[in-house]
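This report concerns only the one structure given below.
The values are calculated or read from the model by the stated rules, or taken from the named source; none is laboratory data. If you're wondering where the values come from, they're calculated on a predicted model, not measured in any experiment. Virtual Cβ from ideal backbone geometry, glycine too; neighbours counted across all protein chains shown. Accessible surface is based on the protein model in full, side chains and every heavy atom, while ligands, DNA and RNA are left aside. Shrake-Rupley method; radii C 1.70, N 1.55, O 1.52, S 1.80 Å.
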Amino acid sequence: MATVRIPTPLRQYTAGNSEVDVTGGTAGEALGQLVETHPDLKQHLYTGDGKLRSFVNVYKGDEDIRYLEGQDTSVEENDELSIIPSIAGGC
Amino acid sequence: MSSLPLKVGGGDMEHIHAHAKETYPEECSGVMVGMNTGEMKVVVDVWRAENTHGDERSRRFLIDPKEYIAFEKRADERDMEILGVYHSHPDHPAEPSEYDRDHAWPGWSYVITSVSGDDINATRSWLLKPDRSGYDEEDLVG
């Protein structure tokens, strides 16, 4: 199994767990499985038209998947994906 | 469900205000760490973050994901959690903007300080509604 690391503000939707096990051959499939298991996560990760929100960063190990193959980035057994919030705002 | 009050002690609040004045007219930001006692969210420390927004830092802030990871690790090591984020609104009210709402995370306290030069106009705390439709104001206690 691969794991997805959940940041503090989203753990309320994963029963307090900081890591969730997933299968799935690509990052997109792994995230899809995550929100299927924990549907309340969906609106915080995806926009209404199904795209990852721009301030949601997904890393495989230490690398942002945007600089790998995006949602098509392969996810192997024992890989760790991390959801990392960009914290932003303004007036 | 009504939100829990956020307790920010005098020293930590001074730190937030000093940060807001130092970076004026640009926005400052940082995280608040501590624990949720079930009755109150108690801030134990505030950690400054660098505003890495590429431009428009007088009306935008951005904390680098790598800095966020370091904050989360540091909080875990101290058995604390990140309770929320503070930032300043230079010459704007201490109320969340539409841009803030788009970028907010659920469950976190968002403390906003309105600053004009050396004057702190107001400091208020906000919590994103679970459906992301708006904010509820939180009680901010010292």
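Quick look at the values:
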quantity: Average partner coverage of B:56-65, which counts Cβ from other chains inside 10 Å; calculated: 4
quantity: Built amide H within the under 5 Å cut-off of residue B:135, gap 5+; calculated: B:129
quantity: Largest-first ordering by accessible area, 1.4 Å probe, given options B:64, B:12; calculated: B:64, B:12
quantity: Approximate spin-label separation residue A:5-residue A:74, in nm, with each point projected 7 Å along Cα-to-Cβ; calculated: 2.3 nm
quantity: Quarter of the Cα convex hull surface for the protein assembly as shown, i.e. its orientation-mean projected area (nm²); calculated: 12.3 nm²
quantity: Within straight-line cross-link reach of residue A:42, lysines at Cα separation under 16 Å, skipping those fewer than 8 residues along the same chain; calculated: A:51, B:129
quantity: Model label zone, residue A:43; criterion: amide N under 12 Å from point 7 Å along Cα-to-beta-carbon; scope segment B:102-125; calculated: B:106
quantity: Per-residue [θ]222 nm for the protein assembly as shown (sum of -39500 (n - 2.57) over DSSP H runs n ≥ 4, rounded to 500); calculated: -6000 deg cm²/dmol
quantity: Efficiency of FRET from Cβ geometry, residue B:119 and residue B:76, R₀ 45 Å, rounded to 0.05; calculated: 0.75
quantity: Value of relative contact order over chain B, rounded to a whole percent, pairs C-alpha under 8 Å and six or more apart; calculated: 26 percent
quantity: 1.4 Å probe, heavy atoms, protein only - residues of segment B:103-134 losing at least 50 Å² accessible area vs chain alone; calculated: B:103, B:105, B:106, B:132
quantity: Candidates per trypsin sites (Lys or Arg not before Pro) in segment A:1-77, loop by DSSP, up to 16 other Cβ within 10 Å; calculated: A:51, A:53
quantity: Lys, Arg +1 and Asp, Glu -1 on Cβ, resulting dipole of the protein assembly as shown about Cα centre, debye, nearest 20; calculated: 360 debye
quantity: Relative contact order for segment B:24-72, counting Cα pairs under 8 Å that sit 6 or more residues apart, in percent; calculated: 35 percent
quantity: Residues along segment A:74-90 losing 20 Å² or more of accessible surface when the other protein chains are present rather than the chain by itself (probe 1.4 Å); calculated: A:84, A:85, A:86, A:87, A:88, A:89, A:90
quantity: Extent along principal axes [Cα atoms of chain B; Å; largest to smallest]; calculated: 37, 30, 30
quantity: Given charges at Cβ of Lys, Arg, Asp, Glu: chain A dipole, positive-most of A:24, A:59, A:9; calculated: A:9
quantity: Percent accessible area from carbon and sulfur atoms, segment B:31-142, protein chains only, probe 1.4 Å; calculated: 45 percent
quantity: Charge dipole (segment B:1-131, unit charges on Cβ, about Cα centre) - positive-most of B:15, B:70, B:106; calculated: B:106
